[in-house]
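Notes for the one structure printed next.
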Amino acid sequence: LTENLAETKFTRLIIKNTTENKILGLEEFLSSFSTTTPEAFYQKLDNEATLFIYSAKGTKRFGFIAKVQETGLNDVMLSWEKSMEKDLESIFSALGKDKPALVKFFKNGKYKSINLRFQTFSLKDLGIVYGFSNDNFIFTSSWESFTKVIDSSTQ
């Protein structure tokens, strides 16, 4: 997060545990930030997610794409929404969040044909945005990075 990255580009994150000589999956990555997630969250997703940073306009936004393994993830996400901001606080603090969300609740949105849910933290395009595209779950920390993921997958 401290490196200078190319503007309006994705940088894939691959994090390796050098002690065990293995690549960290989604659960290990999020756990390294001391996040709290619903128990069923990891059961419904492939642990081998694609983690990324999207850089634009001097900001860096985190995201990941993971294959959905089981049905019911949407229900897990909807019930998690009430505590998600607090549960993921350490990640968003690293991205520059220093105040409570501008909007305390999630809203419905749509980009192209993808339905999504979002919560806005700041006017600098920081927040939680998630949705489903085919059998993939997409989670990002900005509206712009979400739209760029969709755009890059349809090219």
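When both region 44-89 and region 94-145 are represented by their alpha-carbon centers, they are found 10 Å apart.
Here are several values of Rg/Rh (Cα atoms, Kirkwood Rh): (i) 0.93; (ii) 0.98; (iii) 1.06. Which one was derived from the coordinates shown? The calculated read-out lines up with (i).
A Gaussian network model of the chain, with springs between Cα atoms under 10 Å, assigns the largest mean-square fluctuation among Thr19, Thr35, Thr140 to Thr19. Taking the Cα centre of the chain as origin, sum charge times position over the Cβ atoms of Lys and Arg (+1) and Asp and Glu (-1), and report the length of that vector in debye to the nearest 20. Roughly 580 debye, rounded to the nearest 20.
Pairs of Cα atoms nearer than 8 Å and 6+ residues apart set the relative contact order; for the chain it is 19 percent. Apolar share of the accessible surface for the chain: 50 percent from carbon plus sulfur atoms, 1.4 Å probe. Distances between placed amide hydrogens fall under 5 Å for Gly127 paired with Phe121, Ser142, all partners being 5 or more residues away or on another chain. Specify which residue in the list Leu88, Ser31, Leu45 is farthest towards the positive end of the charge dipole of the chain, using unit charges on the beta carbon of Lys, Arg (+1) and Asp, Glu (-1), about the Cα centre. Final value for the positive-end residue is Leu88.
Taking the charge dipole of region 51-155 about its Cα centre, with +1 at Lys and Arg Cβ atoms and -1 at Asp and Glu Cβ atoms, the residue from Ser141, Thr71, Ser122 reaching farthest to the positive side is Ser122.
The values are calculated or read from the model by the stated rules, or taken from the named source; none is laboratory data. Keep in mind that this is a model prediction, so the values were computed, not measured. Cβ atoms come from the backbone with ideal geometry, glycine included; neighbour counts cover every protein chain shown. Accessible surface areas use protein heavy atoms only, side chains included; no ligands, DNA or RNA. Shrake-Rupley method; radii C 1.70, N 1.55, O 1.52, S 1.80 Å.
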